[in-house]
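Notes follow once the structure below has been shown.
Quick note: the coordinates plus some simple rules give every number you see, no bench work behind them. Fair warning: this is a prediction, and the values are worked out from it, not measured in the lab. In this analysis, Cβ positions are derived from the backbone assuming ideal geometry, glycine residues included, and neighbour counts consider all displayed protein chains.
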Amino acid sequence: MENSLLLNVEEKLKLTFGEGFLSAEQHYDYPVFIVKSEIICDVIRFLYNDEDLAFQYLTTLAGLHYPKNKGMELGVMYQLHNLIKNSRIRIKVFFSIHNPSLPSITPVFSAANWMERETFDFYGINFNGHPNLKRILNMEDMKYHPMLKEYPLEDGTREDKDDKMFGR
Amino acid sequence: MSTIIKSKVDIVPAPQGIEGPGFFATRIDKVVGMARANSLWPLPFATSCCGIEFMATMASNYDLGRFGSERLSFSPRQADLLMVMGTISKKMGPILRQVYEQMAEPKWVLSMGACASSGGIFDTYSVLQGIDRIIPVDIYIPGCPPRPEQVLDGIMQIQKLVESESLRRRDSQEYKDLLAKYGME
């Protein structure tokens, strides 16, 4: 049953977007589709408006960082839900860390407004067309994007932590 | 038959002084200290789990009201004791500082729990590693969260501090130096 959802969506996306559609896989219970980052807003809009698919609920949106994938280090993951059929899919887009920008999906989902701000705050990903792209959870004057893998989790100002005891 | 049962309720004993018909003479700092200590109005700056534990302390089983803290104030202008309970993130720091600066003298600060005292288990980029980085603290209560008995013990220590402090602590050089260290006048 899950497989039919995968095949259904894959077929429709291939038909509409051709080159822009990159891959489709079933990860456990979620079909995951990878598309090109430039067309993401059109893909989301298509999935929203399609009568049969009707993915009209954006569950979540998150940033990804895989430093080992040269050229495709940063990514964004969108999770969409169909309220009528109770089915979910995931869409991922990847792009280089040297040019971290892609279209914002706020024209389709207003909920993406704060989610994209959070992704910008933590990964430094620019969303073109976002109405108010600024930091949301961290201090406004923070100079770096903390969730990128090169930055440590710990606060650097403690003097009393002994590195030997923490396995570093 | 009826037996007279002595009341189990303790009230604060009167300070040493000379008593007579219609008057009681004692030292003013003893009276003021006693009044301040036994009517501390806390400002519960409750952010996380320690706030819930404080709610349990205020409730009837452990009852902080017995110690004079019956009237909680959420306005800093009307509070004596700032109780910081919970994780304070770096974004919350300036707000906490503003609340502390708005309190009128005399004021005391109680840091409850591991997160407020030192950042707790959250040694991360977003958590302030202890509120004593931004405001002066009088008493720290360790624990994660501390049991209500520990909170009451912390309040009792604050009471001891308050009783024995000088009346115009704000004018003393030591206090002014302390505030200067934090960048406040």
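Quick notes
- 5 angstrom amide H check on A:Thr60, placed H, neighbours 5+ away: A:Gln79
- For the stretch B:116-185, applying the loop criterion from DSSP together with a ceiling of 11 other beta carbons within 10 Å to the trypsin sites (Lys or Arg not before Pro) yields B:Arg168.
- Hz values of 3J(HN,Hα) by residue in the stretch B:91-97 - Karplus curve (6.51, -1.76, 1.60), Gly and Pro given as x: 6, 7, x, x, 5, 4, 5
- As a calculated quantity, the FRET efficiency between B:Leu167 and B:Ile52 at R0 = 30 Å, using C-beta atoms, amounts to about 0.25.
- Built amide H within the under 5 Å cut-off of B:Phe122, gap 5+: none
- Considering only the stretch B:41-164, percent of DSSP beta bridges that pair antiparallel, nearest 5: 5
- Between the stretch A:1-51 and the stretch B:127-185, the Cα center-to-center distance that results, in Å: 59
- Relative contact order (%) - the stretch A:43-134, alpha-carbon pairs under 8 angstrom, separation at least six: 23
- Karplus-based coupling profile of the stretch B:138-152, in residue order and whole Hz: 8, 10, 10, 10, x, x, 8, x, x, 5, x, 4, 5, 5, 5, with θ = phi - 60° in 6.51 cos²θ - 1.76 cosθ + 1.60 and x standing for Gly or Pro.
- Each residue of the stretch A:38-46 was assigned a 3J(HN,Hα) from its phi angle through the Karplus expression (A = 6.51, B = -1.76, C = 1.60, θ = phi - 60°), giving 5, 9, 4, 5, 5, 4, 5, 5, 4 Hz with x at Gly and Pro.
- When shorter helices are ignored and each DSSP H run of at least 4 residues is given -39500 (n - 2.57), the per-residue value for chain B at 222 nm works out to -10000 deg cm²/dmol.
- Within the protein assembly as shown, DSSP assigns beta bridges of which about 55% are antiparallel (rounded to the nearest 5).
- Selection of chymotrypsin sites (Phe, Trp or Tyr not before Pro), the stretch A:54-156, meeting DSSP coil and at most 13 other Cβ within 10 Å: A:Tyr144
- Radius ratio Rg over Rh of the stretch A:2-152, counting only Cα atoms, Kirkwood formula for Rh: 0.97
- Helix content alone sets the calculated 222 nm mean residue ellipticity of chain A: runs of n ≥ 4 DSSP H residues at -39500 (n - 2.57) each, divided across all residues, give -7000 deg cm²/dmol.
- Amide H contacts of B:Val127 (H built 1.01 Å from N, in plane; Pro and chain starts excluded): B:Lys90 sit under 5 Å, all sequence-distant by 5 or more or on other chains.
- log10 of Debye I(q)/I(0), alpha-carbon scatterers only, for the protein assembly as shown at 0.06, 0.07 Å⁻¹: -0.40, -0.51
- Charge tally in the Cβ shell below 13 Å around A:Leu58, where Lys, Arg are +1 and Asp, Glu are -1, A:Leu58 excluded: +2
- Cβ crowding within 10 Å ranks A:Leu61, B:Leu110, A:Leu148 as A:Leu148, A:Leu61, B:Leu110, fewest other Cβ atoms first.
- Exposed GluC sites (Glu not before Pro) absent: longest stretch of chain A, with sites in DSSP loops and at most 14 other Cβ within 10 Å deemed exposed: A:52-139
- Antiparallel beta bridges, as assigned by DSSP with both residues in chain A, represent about 75 percent of the total such bridges.
- The stretch B:41-172: C-alpha gyration tensor shape, a/c 1.5 cut-off, then a/b vs b/c: oblate
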